[in-house]
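Below is one structure; the comments refer to it alone.
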Amino acid sequence: MINNMIDNFGRRINYLRLSVTDRCNLRCRYCMPPGGVSLIAHEEILSYEEMSRLVSVAGQCGINKLRITGGEPLVRRGIIDLVQMLVKIKRLDDLGLTTNGVRLAELAKDLYKAGLRRTNISLDTLSADKYRWITRNAGLSRVWSGIDEALRLGFYSVKLNVVVIGGFNDDELLSFARLTFKYPLEIRFIEFMPFHKNHLWNYKRHVSAQDMRGRINVYEKLIPQHRTNKTKIAVDYKLLGGLGMVSFISPFSSGFCSSCNRLRLTADGYLRNCLFSNQELDIKTPLRCGENDAELATFFHKAVNRKPPGHGLTLRSIQPAGRAMYAIGG
């Protein structure tokens, strides 16, 4: 049953983002209201065994890259067990995890032993006061402890995901970029996006990737980098003398939909073919009804066949994605 999934626009789909929970230990202002949200019932969430089986089926369909997401994946009990299960899946060449980093220091060693080598940490500011405001949490020092621990253990890819928000953290671009002089990190600057239920969104807060590069270039030379076997989602640079990378992700100003290679599987068992689409395919029901792998594979192919050409975003409108980011998976 091994085959490659090619959508109607010639894109090879080989990347799955797996959300393991809709729960999170932060309340970021652009993601959640202060009082929290209504969570998915426990019995509706896929078990680790169910997730592992679906990832295995996805691998038979041509998926060879997987990223564990949430919510916040490190708040789900037994997450180490899931990593151990996933690293054993044949045809899975690349396993990563995206986290807010709050629990990373205490779990990094076990994650590494389980086989994880790549992690992205969402971190929008280097200021303790700003961090406390944006996340409604005072855990910045814990996040840095997690970053230090991941680097100490030898994770070969540690990336910081920085959502750049005008009037909040766009004055920290240079400080983030200069981290690469000291650490072998990849700093990924991401344009602020008007996703569904973004409680902080205003088009005036948008800072383009071109603007970001220009502001950094005034003080530090950005040297373009070309990496093979990589999609066009991020444009990569190094600072002269830097140990790490500086990347820019620009869904608005440049766009990367023409090279999008991903599907998403939500924690409650729905396949999504675009972050900003409200289309979902229920794969949990046939899974729990006992369908075989071949039948389950048809759902991955259906999702790919329905994949839209692009996200259709504009700076002054919000796509009705049907769910907030925490419920879809980052």
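The values are calculated or read from the model by the stated rules, or taken from the named source; none is laboratory data. These figures come from a predicted structure and were not determined experimentally. Glycine also receives a Cβ, built like all others from the backbone with ideal geometry; neighbour counts cover every protein chain displayed.
On the basis of being at pLDDT below 95, over 20 Å from I13 (Cβ atoms) and in contact with a strand residue (DSSP E or B) (Cβ under 9 Å, 6 or more places away or on another chain), does S317 make the cut? Lay out the reasoning, then the answer.
On the way: at pLDDT below 95: yes; over 20 Å from I13 (Cβ atoms): yes; in contact with a strand residue (DSSP E or B) (Cβ under 9 Å, 6 or more places away or on another chain): no.
No; evaluated as a whole, the condition is false for this residue.
Kindly evaluate Q279 against the criterion of being out of contact with any helix residue (DSSP H, G or I) (no Cβ under 7 Å at 6 or more places or on another chain), surrounded by 15 or more Cβ atoms within 10 Å (Cβ to Cβ) and more than 19 Å from E191 (Cα to Cα). Steps first, please.
On the way: out of contact with any helix residue (DSSP H, G or I) (no Cβ under 7 Å at 6 or more places or on another chain): yes; surrounded by 15 or more Cβ atoms within 10 Å (Cβ to Cβ): yes; more than 19 Å from E191 (Cα to Cα): yes.
Against the criterion (out of contact with any helix residue (DSSP H, G or I) (no Cβ under 7 Å at 6 or more places or on another chain), surrounded by 15 or more Cβ atoms within 10 Å (Cβ to Cβ) and more than 19 Å from E191 (Cα to Cα)), Q279 qualifies.
Going through region 58-72 one residue at a time, which ones are over 10 Å from the mean Cα position of the chain (by Cα) and within 26 Å of R12 (Cβ to Cβ)?
We begin by selecting, within region 58-72, every residue over 10 Å from the mean Cα position of the chain (by Cα); these are 58-66, 71-72.
Matches in region 58-72: A58, G59, Q60, C61, G62, I63, N64, K65, L66.
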Practice problem: Answer yes if at least one residue in region 78-98 is closer than 29 Å to N202 by Cβ and either among the aliphatic types (A, V, I, L, M) or within 17 Å of the chain's Cα centre (by Cα) (or both), and no otherwise. | Solution: yes
Practice problem: State which residue is nearest to G70 (Cα to Cα) when the search covers only region 129-142 and only residues that are part of a helix (DSSP H, G or I) and touching a residue at least 60 places away in the same chain (Cβ under 8 Å). | Solution: T135
Exercise. Search region 1-25 for residues that are under 21 Å from G269 (Cβ atoms) and surrounded by fewer than 21 Cβ atoms within 10 Å (Cβ to Cβ) and pair each with any residue that is aromatic (F, W, Y) and modelled with pLDDT under 95 when their beta-carbon atoms are under 9 Å apart and the residues are at least 6 apart or on different chains.
Key: R23/Y326
Quiz prompt | Near pairs, Cβ below 7 angstrom, 6+ apart or cross-chain, from region 40-67 (more than 15 Å from L271 (Cα to Cα)) to any residue that is in a helix (DSSP H, G or I) | solution = Y48/D81; Y48/L82; Y48/M85; Q60/D293; Q60/A297
Exercise. Looking for whichever is modelled with pLDDT of 90 or more and over 14 Å from I89 (Cα atoms) here; the options are R17, R29, R53. Which one fits?
Key: R17
Exercise. Count, please, the residues in region 240-286 that happen to be of a type in the set (S, T, Y), over 29 Å from K221 (Cα atoms) and more than 19 Å from the chain's Cα centre (by Cα).
Key: 1
Quiz prompt | From the options R142, R132, R152, residue that is more than 27 Å from C274 (Cβ to Cβ), buried (at least 16 other Cβ atoms within 10 Å of the Cβ), modelled with pLDDT of 95 or more and not hydroxyl-bearing (S, T, Y) | solution = R142
Self-check item: Residue identified as assigned to a loop (DSSP other than H, G, I, E, B), buried (at least 18 other Cβ atoms within 10 Å of the Cβ) and touching a helix residue (DSSP H, G or I) at 6+ places or on another chain (Cβ under 7 Å) among L111, L92, L126, L82
Solution: L92
Quiz item: Which number in (1) in a helix (DSSP H, G or I); (2) in contact with a strand residue (DSSP E or B) (Cβ under 8 Å, 6 or more places away or on another chain); (3) farther than 24 Å from N137 by Cβ marks the one condition that S52 misses?
Solution: (2)
Self-check item: Contacts under 8 angstrom Cβ, first residue in region 92-115 being under 19 Å from N64 (Cβ atoms) and touching a residue at least 12 places away in the same chain (Cβ under 8 Å), partner surrounded by fewer than 18 Cβ atoms within 10 Å (Cβ to Cβ) and hydroxyl-bearing (S, T, Y), 6 or more apart
Solution: G96/S157
